[in-house]
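Here is the structure we will look at.
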Number of protein chains: 2
Amino acid sequence: MAELYERLEKYEESDYYPFHMPGHKRNKDMAGKALAEAYGLDITEIDGFDNLHQAEGILKSEQERAARLYGAEKSYFLVNGSTGGILSAIGAVADKGGRLLMGRNCHKSVYHGVYLHELEVSYLYPEILGYDMAGTVSPKEVEEKLKEQPDIRAVLITSPTYEGIVSDIRQIASIAHRYGKPLVVDEAHGAHFGFHSGYPENGVRLGADIVIHSLHKTLPSMTQTALLHVSGNLVDRRKLERYLSIFQTSSPSYVLMASISSCLETVEKEGWRLLEKLKRNREKLEEKLKECGYITVLGPEQLKGGFAGRGDICKLAVGIKEGRLTGRQLYDILRQKYHLQMEMAAGNYVLAILTIMDTEEGMDRLAKALLEIDRAIGGADKKAGSLGNGENAANNEDGDVRKEKYGRIREEGNIQRIRKPEVVNEIAMPIYRAYNKEQELVSAMECCGRVSAEFIYLYPPGIPLAVPGERLNNGLIVQIMDYAAMGLTVHGLEDGHIRVLTSGLEMEETEKI
Amino acid sequence: MAELYERLEKYEESDYYPFHMPGHKRNKDMAGKALAEAYGLDITEIDGFDNLHQAEGILKSEQERAARLYGAEKSYFLVNGSTGGILSAIGAVADKGGRLLMGRNCHKSVYHGVYLHELEVSYLYPEILGYDMAGTVSPKEVEEKLKEQPDIRAVLITSPTYEGIVSDIRQIASIAHRYGKPLVVDEAHGAHFGFHSGYPENGVRLGADIVIHSLHKTLPSMTQTALLHVSGNLVDRRKLERYLSIFQTSSPSYVLMASISSCLETVEKEGWRLLEKLKRNREKLEEKLKECGYITVLGPEQLKGGFAGRGDICKLAVGIKEGRLTGRQLYDILRQKYHLQMEMAAGNYVLAILTIMDTEEGMDRLAKALLEIDRAIGGADKKAGSLGNGENAANNEDGDVRKEKYGRIREEGNIQRIRKPEVVNEIAMPIYRAYNKEQELVSAMECCGRVSAEFIYLYPPGIPLAVPGERLNNGLIVQIMDYAAMGLTVHGLEDGHIRVLTSGLEMEETEKI
């Protein structure tokens, strides 16, 4: 039973009259149809409905249910997204001035947590796969860093990645625990893990101390809803709860919480069956797409060497071989011509999120559209002409046809650019110091060697290319300008300019370090 | 036009298929009826729907509309409640180690901001009115403090209070500006101000630099929705925006934002008419309640001396004279017998929130219930017997009847306790220092003289009685135990115990100061 949802529904049908917040008074007169029903569930902390920040009744039992489902010792409903959970988790595992060992491919909320709690950081660089995609974090690297840097207080990694690539949490947790350090897993994209053997196990059961799940990303729950799970004795739970009550509104939405309640119910009762159905639908889709010449579903084979991780069925990365189209172009065609809205366009692939709520009709539309686009860019010819030849066929045969059909295509050819793991940004000073210094706006082309004063990132997925305090190198600047040229939204790039520390300041600081 | 709401509704009716978050895919199969319609509006940052954290399209124009309506230079939609706005505003106006001059009756989110940003504080103590209610902040006191303490960086006050009492923002803003300091007004309970001459003007138009409005408290908008307005040049807007993007989820809910859009539409098109209607309904209600002997609507007359502020029609505080019932008892009777759910029970009054969405039927039910309760506790006799005598009638005549009807009534008589403004807690150390020190749980009765390690507050309204770093005095402990005995929820009191700094630590610290 979706206890909270059902109790709210029942309450709405009662004759209780609200002389309390919210101000709409569950009166549906002024609200549009699509909001009116939700207003009926939208109450405040009145008798019988508990208080999220001191749960003792129905919210306690609903949170206990989440803990049971995911195998955690304790779980918390989050209404400020995974963001609120990440900020709280970081505060709970590392004190001011402490050092956090974190994946470089973490979401910007992790960097925000590092800034707020004034931490030093050491980065784990995931391998870079084909198609410029971040891969897994290496357990070996975790162990090396923990050995080298005894001042590390905790480990935080993102798994699965935005593209569904899963690191070896069991091994990383075991290494972290050997050094007495808690492991926090930002499993925002893996809330559906652990409910079906065809999908990865969830981080809680693999031994992570804190795991954060965005319910809305891959499960049927409203945007902004998430869960935080905590287990073991390496995390100060009082501190965790303190931060959860600081970073989340004191008036949490019962509509969002009802949505969590309803989502847990679906997962518990129907999860396995729906995940099984999704798995089969995806297999069918992949089978159909095998006919394509240029369009390809990115899996271990396409992403090449070192892809040790496991992919998640819920993430469908569709790549385009040989720069036949950019990711942005494929994204636009799918949207404009076929009314299929993708989650994200990357340099040379697009990303679709598949969930247990997808319909067969929707999946069919996607397959048909991709097959049609592939034919239009010469995929059938390629397929016929390159049997056994694979990736190396020539790229010039029907450029004119493509241009005519889909507008200007980047002439530079294949836009894949694999960022070498060894090309890392030099850290000139900690984020919290740099972020509060005097800054100026400088043309990106003149920023080489300067220290960034802002976060620079693509959204989605919101993973920083540079963070405050890092020295901008030439390779990075070219990459940023390249993304912008491809039509991707680069946050932190303002009309071709980047915020850097005022000249002089950076020198002074760097010398001190 | 509620632009965002309507565009979302139209989009839902289109044939666009979502291969993106959220995971419910606007598929209503698994959701209960009351959530299903909202799921239809629940999208993510796809093309045409802008990005709250870098608004350039529809969210920019919707925020501009909010700014126009309230008279601000710039306004921001908030989806983590006023909480997210408060934490951000504090970060924008005061740097680490700076001093904030704040109302002692501020909401705990303000104290949380002080903790996170590591500020020193000086308090403004509002006058204490009859019925133990916090009154206005005195402009004179603001001026004195600013003169005495030149290290104050900004002023932050709450107006209206939870009970609707409004301070003189125009004068306080003008004083703050004379000293070159920004004024932040937590006007969470005043989002309906400034749209009708029968209600107070809003803080933006009275000169405050930052004003935060909870839309859901008194307007028809969903819980967790709020606005932050900024004007003038005393606030660092880049810093403000930085913190807004830190303290709010990177996946803001389009349902919450659609609700804001719809709310602004109602206010713009129907605001005056509905506020006028509410004003008349309240006048009618007060007229009817004049028949009561013990039950009384608290206004300037009942709250006595020094009530310089203006009351807000949206807050109806219903007091009980002579301790005839406690606030909690009246609250319970209204809820259990009449199915009228109040916002809050205080020591000797209850608080109802009235809004433009209240129905006449609801207001009538309240009037009838209060009249009936008043008769049951002997109000008619009192009224007949005490004409011209008012507050001083004897209190013993029908105690047995009352006890029989409503259970045990506190024998101590009148439970009003007016906390003298001069009884203030001694600050042993700043919040951010105390909150991270070693602590122990000690029986409240043995806490006198010890330094609090936690926030102690009633919720609602969430205004601290003690904060970390303050020395607990006897008067305060008696008050805390009193509230608990009255059946009010005292956060920070755990089974009669309070968290205090470990003995010894506090001494050491206090001596240093």
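Just one of the numbered conditions (1) open to solvent by 10 Å² or more (accessible area, probe 1.4 Å); (2) of a type in the set (Phe, Trp, Tyr); (3) assigned to a helix (DSSP H, G or I) is not true of A:Tyr162; which one?
(3)
Of all the residues that make up region A:44-77, how many are among the aliphatic types (A, V, I, L, M), within 14 Å of chain B (Cβ to nearest Cβ) and within 23 Å of the chain's Cα centre (by Cα)?
Count: 0.
Considering only residues of region A:78-96 that are of a type in the set (S, T, N, Q) and under 17 Å from the mean Cα position of the chain (by Cα), which is farthest from A:Asp151 (Cα to Cα)? I'd like the intermediate steps shown before the answer.
Looking only at region A:78-96, we keep the residues that are of a type in the set (S, T, N, Q), and these are A:80, A:82-83, A:88.
If we keep only those that are under 17 Å from the mean Cα position of the chain (by Cα) too, we end up with A:80, A:82-83.
Details: A:Asn80: 31, A:Ser82: 27, A:Thr83: 26 Å.
My answer is A:Asn80.
Just for region A:431-459: of the residues that are part of a loop (DSSP other than H, G, I, E, B) and open to solvent by 20 Å² or more (accessible area, probe 1.4 Å), which one is nearest to A:Cys106 (Cα to Cα)?
In the first step, residues of region A:431-459 are kept if they are part of a loop (DSSP other than H, G, I, E, B); the result is A:435-438, A:447-450, A:453-455, A:459.
So of that shortlist, the ones also open to solvent by 20 Å² or more (accessible area, probe 1.4 Å) come out as A:436-438, A:448-450, A:454, A:459.
Numbers: A:Asn436: 22, A:Lys437: 24, A:Glu438: 26, A:Cys448: 24, A:Gly449: 24, A:Arg450: 23, A:Glu454: 16, A:Tyr459: 13 Å.
Here the residue is A:Tyr459.
Within region A:28-43, which residues are within 7 Å of chain B (Cβ to nearest Cβ), free of Cβ contacts under 8 Å to residues at least 12 places away in the same chain and either within 21 Å of A:Leu4 (Cα to Cα) or touching a Leu at 6+ places or on another chain (Cβ under 7 Å) (or both)?
Hits for region A:28-43 are A:Ala34, A:Leu35, A:Glu37.
Kindly state which helices (runs of 4 or more DSSP H) lie completely within region B:30-128 and contain at least 1 residues that are in contact with a helix residue (DSSP H, G or I) (Cβ under 8 Å, 6 or more places away or on another chain), polar (S, T, N, Q) and open to solvent by less than 10 Å² (accessible area, probe 1.4 Å). Give the derivation first.
On the way: elements: B:33-39, B:58-70, B:81-93, B:108-116.
Those helices (runs of 4 or more DSSP H) span B:81-93, B:108-116.
Going by the conditions given, is A:Leu4 among the aliphatic types (A, V, I, L, M), more than 7 Å from chain B (Cβ to nearest Cβ) and buried (at least 20 other Cβ atoms within 10 Å of the Cβ)? Before you say what the answer is, go through the steps one by one.
Details: among the aliphatic types (A, V, I, L, M): yes; more than 7 Å from chain B (Cβ to nearest Cβ): yes; buried (at least 20 other Cβ atoms within 10 Å of the Cβ): yes.
So A:Leu4 fits the description; yes.
Name the residue that is farthest from A:Met344 (Cα to Cα), counting only residues in region B:7-21 that are at the interface with chain A (Cβ under 7 Å from one of its Cβ atoms) and crowded, with 17+ Cβ neighbours inside 10 Å.
B:Glu9
Table: residues versus (1) in contact with a strand residue (DSSP E or B) (Cβ under 9 Å, 6 or more places away or on another chain); (2) of a type in the set (S, T, N, Q); (3) modelled with pLDDT under 95.
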residue	(1), (2), (3)
B:Gln63	yes, yes, no
B:Ser75	yes, yes, no
B:Ile86	yes, no, no
B:Asp95	yes, no, yes
B:Val142	yes, no, no
B:Leu156	yes, no, no
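Within region B:198-214, count every residue that is free of Cβ contacts under 8 Å to residues at least 60 places away in the same chain, touching a Phe, Trp or Tyr at 6+ places or on another chain (Cβ under 9 Å) and surrounded by 24 or more Cβ atoms within 10 Å (Cβ to Cβ).
1
Inside region B:5-29, can you point out the residues that are outside any helix (DSSP H, G or I), of a type outside the set (S, T, N, Q) and more than 24 Å from A:Ser262 (Cα to Cα)? I'd like the intermediate steps shown before the answer.
The initial filter retains those residues of region B:5-29 that are outside any helix (DSSP H, G or I), namely B:14-29.
Retained after the next criterion (residues that are of a type outside the set (S, T, N, Q)): B:15-26, B:28-29.
Matches in region B:5-29: B:Asp15, B:Tyr16.
If A:Thr83 satisfies all but one of (1) within 23 Å of B:Thr359 (Cβ to Cβ); (2) at the interface with another protein chain (Cβ under 7 Å from one of its Cβ atoms); (3) not aromatic (Phe, Trp, Tyr), what's the number of the condition it fails?
(1)
Do we find that B:Lys239 is outside any strand (DSSP E or B), of a type outside the set (Ser, Thr, Tyr), open to solvent by 10 Å² or more (accessible area, probe 1.4 Å) and touching a Cys at 6+ places or on another chain (Cβ under 9 Å) in this structure?
On the way: outside any strand (DSSP E or B): yes; of a type outside the set (Ser, Thr, Tyr): yes; open to solvent by 10 Å² or more (accessible area, probe 1.4 Å): yes; touching a Cys at 6+ places or on another chain (Cβ under 9 Å): no.
In short, no.
Go through region A:460-480 and count every residue that is assigned to a loop (DSSP other than H, G, I, E, B) and either within 14 Å of another protein chain (Cβ to nearest Cβ) or open to solvent by less than 10 Å² (accessible area, probe 1.4 Å) (or both).
The initial filter retains those residues of region A:460-480 that are assigned to a loop (DSSP other than H, G, I, E, B), namely A:460-462, A:467-469, A:472-473.
Filter again for either within 14 Å of another protein chain (Cβ to nearest Cβ) or open to solvent by less than 10 Å² (accessible area, probe 1.4 Å) (or both), leaving A:460-462, A:467-469, A:472.
Of the residues in that region, 7 qualify.
Any idea which residue in region A:465-494 is nearest to A:Leu119 (Cα to Cα), counting only those that are of a type outside the set (S, T, N, Q) and touching a Cys at 6+ places or on another chain (Cβ under 8 Å)? Show your work before the answer.
Start the filter on region A:465-494 by keeping residues that are of a type outside the set (S, T, N, Q), which leaves A:465-472, A:475-478, A:480-488, A:490-494.
Keeping just the survivors that are touching a Cys at 6+ places or on another chain (Cβ under 8 Å) gives A:472, A:477.
Values: A:Leu472: 21, A:Ile477: 26 Å.
Only one residue tops the list, namely A:Leu472.
Could you check how many residues of region A:335-362 are facing chain B (nearest Cβ under 7 Å), without any contact (Cβ under 8 Å) to a residue 40 or more places away in the chain and closer than 19 Å to A:Lys217 by Cα?
6
Please work out which one of (1) under 23 Å from A:Ala67 (Cα atoms); (2) at pLDDT 95 or above is the condition A:Asn281 fails and give its number.
With respect to (1) under 23 Å from A:Ala67 (Cα atoms); (2) at pLDDT 95 or above, A:Asn281 is out only on (1).
The values are calculated or read from the model by the stated rules, or taken from the named source; none is laboratory data. In this text, all values refer to a predicted model and were calculated from it rather than measured experimentally. Cβ: placed from backbone, ideal geometry, glycine included. Neighbour counts: every protein chain shown. Only protein heavy atoms, including side chains, enter the accessible area calculation; ligands, DNA and RNA are left aside. Shrake-Rupley method; radii C 1.70, N 1.55, O 1.52, S 1.80 Å.
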